[in-house]
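A short write-up of the structure that comes next.
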Ligand code: XMP
């Protein structure tokens, strides 16, 4: 039986043996897995590692800043931060089909990452935060054997294209073990305990066309929802909670005025692995309070609904 301290020491030795004097590049997604992998690898090989964070502008409020500050300030690990918001938003203009959006984001992500890898003179290894469940369910979270329900966005496809070997120090671990390792490595609790967040980000939480204005509206509403969840002490009881901005407008009334604004859907589920999920049951006054706050505080939204659909038949994300 391993302790996380032993696992950490063993992995560091293993990474050093595998990499030798080679150069490693690691793509950060903003999530826990890639951050833990990067910090562990940095401890093993220091400056032979370059971390690249491709910021597609589809993150939640403050998320990009948290990643950048975790690496630069908390750990003093050099980080290449690519701000590619305009590139991604320009390419998303006019796209409404969920798979078209996912494919554009996945492809563009790889292109930007490759360009950055070239700038630093290439690397011998690509580091990834692949977990054990990713290894065994390598097809997709939702897809059956022959049907792709959603094209998952990760850096799959990069190693072959770039002719690099993989460094995947978390391959034997489950999510809760990665979190324990993250704590062992000194990552802040708020970062380690984060809910999963999909690679394509807010783009798949805005059905229809993604625009900067819609992203900004969604970020504000999502931040209020999560703030209330944290204040109520419910964050850790929930697998994932988020808001979805619908491209539908409805009529409302604010003071003496008629409003005609977007509808927001709130989602929160419990799950053990993301494969199946059940809607979270909030205590009685929670959702009305959040709905009122969002409509009062976020311009552009005048109606809030809650999604009670289980997975299956629904999926966790709306696209
Ligand atoms: P669905 O919506 O398929 O989501 O029920 C299951 C879990 O997977 C996450 N998800 C993704 N994660 N890249 C990711 O890294 C993706 O493209 C992606 N799409 C969905 C989703 O947030 C949920 O946790």
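The values are calculated or read from the model by the stated rules, or taken from the named source; none is laboratory data. Just so we're clear, the structure is a prediction, and the values are computed from it rather than from any experiment. When we count neighbours, we look across all protein chains shown, and the Cβ atoms used for this are built from the backbone with ideal geometry, even at glycine.
Data for the structure
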quantity	calculated
Considering residues of the range 153-184 that are outside any loop (DSSP other than H, G, I, E, B) and within 16 Å of the ligand (Cβ to nearest atom) only, the residue farthest from residue 226 (Cα to Cα)	158
Evaluation of residue 79 against (1) buried (at least 21 other Cβ atoms within 10 Å of the Cβ); (2) in contact with a strand residue (DSSP E or B) (Cβ under 7 Å, 6 or more places away or on another chain) (one fails), failing number	(1)
Yes/no for residue 278 being without any contact (Cβ under 8 Å) to a residue 40 or more places away in the chain, part of a strand (DSSP E or B) and either more than 22 Å from the chain's Cα centre (by Cα) or more than 16 Å from the ligand (Cβ to nearest atom) (or both)	no
Matching residues, the range 285-313, being in a loop (DSSP other than H, G, I, E, B), in contact (Cβ under 8 Å) with a residue 24 or more places away in the chain and either crowded, with 17+ Cβ neighbours inside 10 Å or within 16 Å of the ligand (Cβ to nearest atom) (or both)	298, 300, 307, 308, 309, 310, 312
Residue within the range 143-152 that is under 24 Å from residue 14 (Cα atoms) and either within 10 Å of the ligand (Cβ to nearest atom) or at pLDDT 95 or above (or both) present	no
Breaking point among (1) touching a strand residue (DSSP E or B) at 6+ places or on another chain (Cβ under 6 Å); (2) touching a residue at least 40 places away in the same chain (Cβ under 8 Å); (3) away from the ligand (no atom under 16 Å from the Cβ), for residue 114	(1)
Selection count where residues are closer than 30 Å to residue 31 by Cα and more than 16 Å from the ligand (Cβ to nearest atom), scope the range 249-270	3
From 226, 187, 246, 202, residue being in contact with a helix residue (DSSP H, G or I) (Cβ under 8 Å, 6 or more places away or on another chain) and away from the ligand (no atom under 15 Å from the Cβ)	187
